[in-house]
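Input: a single structure, listed below in structure tokens.
The values are calculated or read from the model by the stated rules, or taken from the named source; none is laboratory data. Source: prediction; values computed, not measured. We place every Cβ from the backbone using ideal geometry, glycine too, and count neighbours over all the protein chains shown. Ligands, DNA and RNA are excluded from the accessible area calculation, which covers all protein heavy atoms including side chains. Shrake-Rupley method; radii C 1.70, N 1.55, O 1.52, S 1.80 Å.
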Amino acid sequence: MVQWVYWVWYAIGAILMLTIGVPEVLSFSNGLFLVFYALYVLDLIYQPSNRSALSDQSVKWLRPDLWIASFIIWLGGMGVEWIGVHTHWPFGEYAYSSFFGIHLFSVPVTLGFAWIAVVGNSALISGGGSTWGGKLVRALKTGFWAIVLDLVLDPVAHARGFWEWQAPGGFYGVPWTNYVSWFIMGAFLSLFLPVMPKDRRSLLRAKWLYQLFILLFGLLALKEGITGSFIIAIAGVLLAEGSWLYDPRRKIQSV
């Protein structure tokens with residue numbers, strides 16, 4: 001159910017953003033898009049462990065580990081955003097518009113869900129994590145996928161007024177420190193996630209989710225004349241495809 005809500009929301013939003021823009025009356029949908037993205041990612045991560053549980057998908061939403069990990073990442077994301085907005089560290093000097101809805105201490109509440117979505121999606125295509133060594137390797141991979149996504153997302157968001165950077169320079173007006181911080185925070189927050197699913201179906205859906213999200217913002221970058229981010233988006237799509245082709249989980253069928 002969650003995946004269908006997300007993809008319908010995605011399709012409508014993509015058509016509007018790439019053509020006439022999102023009408024003011026539908027402005028509430030921007031923040032909800034991030035919430036649905038996060039819920040879909042959590043739906044992929046917390047798969048039932050056996051076939052009998054597949055008949056009652058609602059059970060997963062009662063799992064305490066799902067809510068604890070989600071809250072930690074939401075709180076961590078909101079916390080570092082609050083520090084960033086009020087102290088200009090570690091991301092740089094910036095401020096949020098009202099594009100993503102209600103603010104809590106100058107930070108949109110939905111930004112915490114964006115951190116869940118990006119970190120979770122990046123961790124899904126990174127895999128591993130059954131041991132501390134595996135989690136550290138997964139964390140580094142997660143940071144990489146997060147920074148690739150941010151190299152596309154942030155310049156577009158800046159150009160379209162989702163948030164504003166005060167200091168010039170960096171990559172299309174976004175300071176380099178912001179990207180380094182995304183890598184570090186993405187890697188760190190991924191440590192709170194469980195072992196990723198080891199079946200072909202979950203990995204495939206996670207790959208598509210990442211690819212189509214970065215492709216959407218890549219097309220928006222092209223529309224805004226941000227050629228560098230568009231090229232990175234295409235590279236991100238191809239890298240995710242290559243990662244999928246060489247991932248051993250691709251050969252494991254779902255239970």
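Is it the case that GLY242 is modelled with pLDDT of 95 or more, outside any loop (DSSP other than H, G, I, E, B) and surrounded by fewer than 16 Cβ atoms within 10 Å (Cβ to Cβ)? I'd like the intermediate steps shown before the answer.
On the way: modelled with pLDDT of 95 or more: yes; outside any loop (DSSP other than H, G, I, E, B): yes; surrounded by fewer than 16 Cβ atoms within 10 Å (Cβ to Cβ): yes.
For GLY242, the condition - modelled with pLDDT of 95 or more, outside any loop (DSSP other than H, G, I, E, B) and surrounded by fewer than 16 Cβ atoms within 10 Å (Cβ to Cβ) - is met.
When each of VAL35, VAL41 is tested for being assigned to a helix (DSSP H, G or I) and either small (Gly, Ala, Ser) or in contact with a Gly (Cβ under 6 Å, 6 or more places away or on another chain) (or both), the lone residue that passes is VAL41. The numbered conditions (1) at pLDDT below 90; (2) more than 21 Å from ILE116 (Cα to Cα) are all true for GLN57 except (2).
Could you please give the count of residues in segment 195-216 that are under 22 Å from LEU34 (Cβ atoms) and modelled with pLDDT under 95? Let's see the steps before the verdict.
In the first step, residues of segment 195-216 are kept if they are under 22 Å from LEU34 (Cβ atoms); the result is 196, 202, 205-216.
Then drop every residue that is not modelled with pLDDT under 95, which leaves 196, 202.
Summing the residues that are under 22 Å from LEU34 (Cβ atoms) and modelled with pLDDT under 95 in segment 195-216 gives 2.
The one condition from (1) in contact with an Asp or Glu (Cβ under 7 Å, 6 or more places away or on another chain); (2) without any contact (Cβ under 8 Å) to a residue 40 or more places away in the chain; (3) open to solvent by 20 Å² or more (accessible area, probe 1.4 Å) that TRP176 does not meet is (1).
Of all the listed residues (LYS141, LYS135), the sole one being over 20 Å from MET17 (Cβ atoms), basic (Lys, Arg), assigned to a helix (DSSP H, G or I) and at pLDDT 95 or above is LYS141.
Where residues in segment 99-132 are aliphatic (A, V, I, L, M) and either open to solvent by 50 Å² or more (accessible area, probe 1.4 Å) or free of Cβ contacts under 8 Å to residues at least 12 places away in the same chain (or both), which of them is nearest to GLY143 (Cα to Cα)?
LEU104
Across segment 152-165, the qualifying residues are those that are at pLDDT 90 or above and open to solvent by 30 Å² or more (accessible area, probe 1.4 Å), and the one among them that is nearest to the chain's Cα centre (by Cα) is HIS158.
Kindly check whether there is at least one residue in segment 142-153 that is charged (D, E, K, R) and under 20 Å from SER229 (Cα atoms). Scanning segment 142-153, I find at least one residue that is charged (D, E, K, R) and under 20 Å from SER229 (Cα atoms), so the answer is yes.
Taking the criterion of being open to solvent by 60 Å² or more (accessible area, probe 1.4 Å) and in contact with a helix residue (DSSP H, G or I) (Cβ under 6 Å, 6 or more places away or on another chain), the residues of segment 220-239 that qualify are LEU222, GLU224. Against the list (1) part of a helix (DSSP H, G or I); (2) more than 18 Å from the chain's Cα centre (by Cα), the condition GLY186 fails is (2).
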